[in-house]
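Q: Pasting in a structure now, in C-alpha cells, and then I'll have a few things to ask.
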Amino acid sequence: MTGTDTRGLAALRPRLPSPLREVADGRFERHGVRLLLKRDDLIHPELVGNKWRKLAPNLDAADGRTVVTFGGAYSNHLRATAAAGRLLGLPTVGVVRGQELAELPLNPSLARCAADGMRLHFVDRSTYRRKAQPETLAALLRAVESEDAVVVPEGGSNARAVRGCRALGEELGEHADVAALACGTGGTLAGLAAGLPAGRRALGIPVLKGGFLADDIRRLQERAFGGRRGTWSLDDRFHHGGYARTTPALDAFADDFEQRHGLAVERVYVAKLLYALLALTEEGAFPRGTALAAVVTGRPFP
C-alpha cells in the first residue's frame with residue numbers, strides 16, 4: 001500500500017488466524033453438540049471481526065485514494081472504515097442514510113466516525129436506496145468531491161470482501177462440521193462457505209427481515225468466484241423484529257450467556273446467532289457429535 005504513513009495493513013498487526021475456543025455449555029452438550037467460538041472479535045481492537053476480513057482487501061486496493069462507503073446512523077461498517085482510515089492515513093467519506101440527521105447532534109456511532117476523520121455526507125432515503133445506480137453514484141461522488149475514490153458498498157460486501165472472507169472457512173477447516181454466523185449483507189457467509197473444506201457447511205442467521213439474502217449471496221459468489229461455492233443455507237426465523245431490534249427473550253438469553261461464559265455478547269448480530277444455535281440444537285437440527293462453530297463477528301459498542 002502506498003500513499004499512507006504506515007507500512008500497510010501488516011503494520012496494524014491483525015491477530016490471524018483468530019482464536020477458536022470450545023466452551024462447555026450443558027444446553028448443547030445434552031444434545032451431543034460441541035459449541036466452538038471462532039473469536040473474530042479479537043482480530044483487531046478497532047477493525048473488529050468480519051470488518052477486518054472484508055475491509056482489508058478493499059483498503060489494499062485503495063492504494064492511498066479516498067474510500068467512499070455507505071451506512072445507516074449506527075453502522076458498524078462506517079465505524080470500522082473510519083478507524084481504518086485514521087490508522088492507515090486514508091481519507092474516508094461516509095454517505096449516511098437520512099438527510100434529517102444532518103440537522104441533529106451526531107449520535108455516539110457517527111461521532112466516533114467524525115472523530116476518526118471521516119467526512120459524513122447525509123442523503124435522503126430515496127437517494128440512498130438508489131445509491132448503486134450508476135447515475136446516482138456518480139452524482140454522490142461529485143457531491144463529496146471524490147470522483148476517483150474507491151467505492152465500498154454498504155456493509156463492505158463486494159467481490160473483494162467475499163474473497164477476503166474465504167480465509168475464515170480455511171481457518172476453520174476440519175475443526176467444525178457446521179460454521180454459523182449472523183448475516184447482514186451476506187458477504188462474510190459467501191466467503192466463509194467458499195473456504196470450507198468438502199463435507200462441511202455454513203449456516204447464516206439473517207438479522208434483517210425480508211427473505212432476500214439468499215439471492216444476494218448467490219450474486220456475491222458469482223462476482224467473486226464465477227458461481228456458487230460451498231454448501232450454505234439460511235434460517236430467517238431469528239431476526240427478532242429486524243435490524244437492531246431485540247426482544248425480552250433475546251436480552252435475557254444474551255445476559256445469561258454472558259454470565260455463563262464471561263463473553264460480552266454484541267446484541268445486533270452475535271446474540272441473535274447464539275440464540276438461534278441453541279434453538280436449532282434443541283430442535284434436533286444438528287446430529288449428535290456435531291462440532292458447531294459460532295463466528296463471533298463483533299463486540300458491544302461502548
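Q: Considering only region 62-95, state which residues are aliphatic (A, V, I, L, M) and not in a strand (DSSP E or B).
A: Listed by number, the residues that qualify are A62, A73, L78, A80, A82, A83, A84, L87, L88, L90.
Q: How about region 61-80: which of its residues are among the charged types (D, E, K, R) and at pLDDT 90 or above? If you could, list the steps in order and put the result at the bottom.
A: From region 61-80, those among the charged types (D, E, K, R) are 63, 65, 79; that's our starting set.
Listed by number, the residues that qualify are R65, R79.
Q: OK, next. Restricting to region 5-45, name every residue that is part of a strand (DSSP E or B) and either in contact (Cβ under 8 Å) with a residue 60 or more places away in the chain or open to solvent by less than 30 Å² (accessible area, probe 1.4 Å) (or both). Give the derivation first.
A: From region 5-45, those part of a strand (DSSP E or B) are 20-23, 34-38; that's our starting set.
L20, V23, R34, L35, L36, L37, K38, listed by residue number.
Q: Among the residues of region 171-217, what is the count of those that are loosely packed, with under 15 Cβ neighbours inside 10 Å and closer than 27 Å to L59 by Cα?
A: Here the count works out to 2.
Q: Which residue, of L140, L120, is within 30 Å of L181 (Cα to Cα) and crowded, with 19+ Cβ neighbours inside 10 Å? Let's see the steps before the verdict.
A: Values: L140 fails: within 30 Å of L181 (Cα to Cα).
Result: L120 is the single residue among L140, L120 that is within 30 Å of L181 (Cα to Cα) and crowded, with 19+ Cβ neighbours inside 10 Å.
Q: Would you be able to say whether some residue in region 242-249 is touching a Leu at 6+ places or on another chain (Cβ under 9 Å), farther than 16 Å from A159 by Cα, of a type outside the set (A, V, I, L, M, F, W, C) and open to solvent by 50 Å² or more (accessible area, probe 1.4 Å)? Don't jump to the end; show me each part of the working.
A: Narrowing region 242-249 to residues touching a Leu at 6+ places or on another chain (Cβ under 9 Å): 242-243.
Applying the additional criterion that residues be farther than 16 Å from A159 by Cα yields 242-243.
Add one more test, that the residue is of a type outside the set (A, V, I, L, M, F, W, C), and what stays is 242-243.
The next check asks that each one be open to solvent by 50 Å² or more (accessible area, probe 1.4 Å); those that pass are 243.
Yes: region 242-249 contains one or more residues that are touching a Leu at 6+ places or on another chain (Cβ under 9 Å), farther than 16 Å from A159 by Cα, of a type outside the set (A, V, I, L, M, F, W, C) and open to solvent by 50 Å² or more (accessible area, probe 1.4 Å).
Q: If you check L263 against the conditions, is it under 21 Å from V48 (Cβ atoms), in a loop (DSSP other than H, G, I, E, B) and over 17 Å from the mean Cα position of the chain (by Cα)? Quick ask: steps written out before the conclusion?
A: Working: under 21 Å from V48 (Cβ atoms): yes; in a loop (DSSP other than H, G, I, E, B): yes; over 17 Å from the mean Cα position of the chain (by Cα): yes.
Taking the combined requirement at face value, the residue satisfies it.
Q: Which of the following residues is of a type in the set (D, E, K, R) and at pLDDT below 95: R267, R228?
A: Numbers: R228 fails: at pLDDT below 95.
Only one candidate passes the filter, namely R267.
Q: Being free of Cβ contacts under 8 Å to residues at least 60 places away in the same chain, assigned to a helix (DSSP H, G or I) and not acidic (D, E) is the filter here, so list the residues in region 135-194 that pass it.
A: Selection gives T136, L137, A138, A139, R142, A143, R166, G173, L189, A190, A193, A194.
Q: State whether the residues of region 125-132 include one that is open to solvent by 40 Å² or more (accessible area, probe 1.4 Å), closer than 20 Å to A61 by Cα and either part of a loop (DSSP other than H, G, I, E, B) or out of contact with any helix residue (DSSP H, G or I) (no Cβ under 6 Å at 6 or more places or on another chain) (or both).
A: Checked region 125-132: at least one residue is open to solvent by 40 Å² or more (accessible area, probe 1.4 Å), closer than 20 Å to A61 by Cα and either part of a loop (DSSP other than H, G, I, E, B) or out of contact with any helix residue (DSSP H, G or I) (no Cβ under 6 Å at 6 or more places or on another chain) (or both).
Q: Could you identify the single residue in Q259, Q221 that is of a type in the set (S, T, N, Q) and in contact with a helix residue (DSSP H, G or I) (Cβ under 7 Å, 6 or more places away or on another chain)? Working first, answer last.
A: Values: Q259 fails: in contact with a helix residue (DSSP H, G or I) (Cβ under 7 Å, 6 or more places away or on another chain).
Step by step, each of Q259, Q221 is checked, and only Q221 is of a type in the set (S, T, N, Q) and in contact with a helix residue (DSSP H, G or I) (Cβ under 7 Å, 6 or more places away or on another chain).
Q: Next question, about the same structure. Looking at L274, L292, L278 in this structure, which one is more than 14 Å from the chain's Cα centre (by Cα) and either open to solvent by 50 Å² or more (accessible area, probe 1.4 Å) or closer than 17 Å to N50 by Cα (or both)? Steps first, answer last, please.
A: Working: L292 fails: either open to solvent by 50 Å² or more (accessible area, probe 1.4 Å) or closer than 17 Å to N50 by Cα (or both); L278 fails: either open to solvent by 50 Å² or more (accessible area, probe 1.4 Å) or closer than 17 Å to N50 by Cα (or both).
Every option except L274 fails the conditions.
Q: For L292, all conditions in the list (1) more than 23 Å from L42 (Cα to Cα); (2) touching a Lys or Arg at 6+ places or on another chain (Cβ under 8 Å) hold save one; what is the number of the exception?
A: So the condition that L292 fails would be (1).
Q: Could you grab me the full set of residues in region 55-99 that are within 16 Å of V162 (Cα to Cα) and open to solvent by 10 Å² or more (accessible area, probe 1.4 Å)? If you could, list the steps in order and put the result at the bottom.
A: Let us first name the residues in region 55-99 that are within 16 Å of V162 (Cα to Cα), namely 55-61, 77.
Hits for region 55-99 are A56, P57, D60, A61.
Q: Of everything in region 252-271, what is touching a Lys or Arg at 6+ places or on another chain (Cβ under 7 Å) and either open to solvent by 50 Å² or more (accessible area, probe 1.4 Å) or charged (D, E, K, R) (or both)? Give them in sequence order.
A: Correct list: A264, E266.
The values are calculated or read from the model by the stated rules, or taken from the named source; none is laboratory data. Bear in mind the structure is a predicted one, so any value in this text is a computation, not a measurement. Reconstructed Cβ throughout: ideal geometry from the backbone, glycine too, with neighbour counts over all protein chains shown. Just the protein is used for accessible areas: all its heavy atoms, side chains included, with ligands, DNA and RNA removed. Shrake-Rupley method; radii C 1.70, N 1.55, O 1.52, S 1.80 Å.
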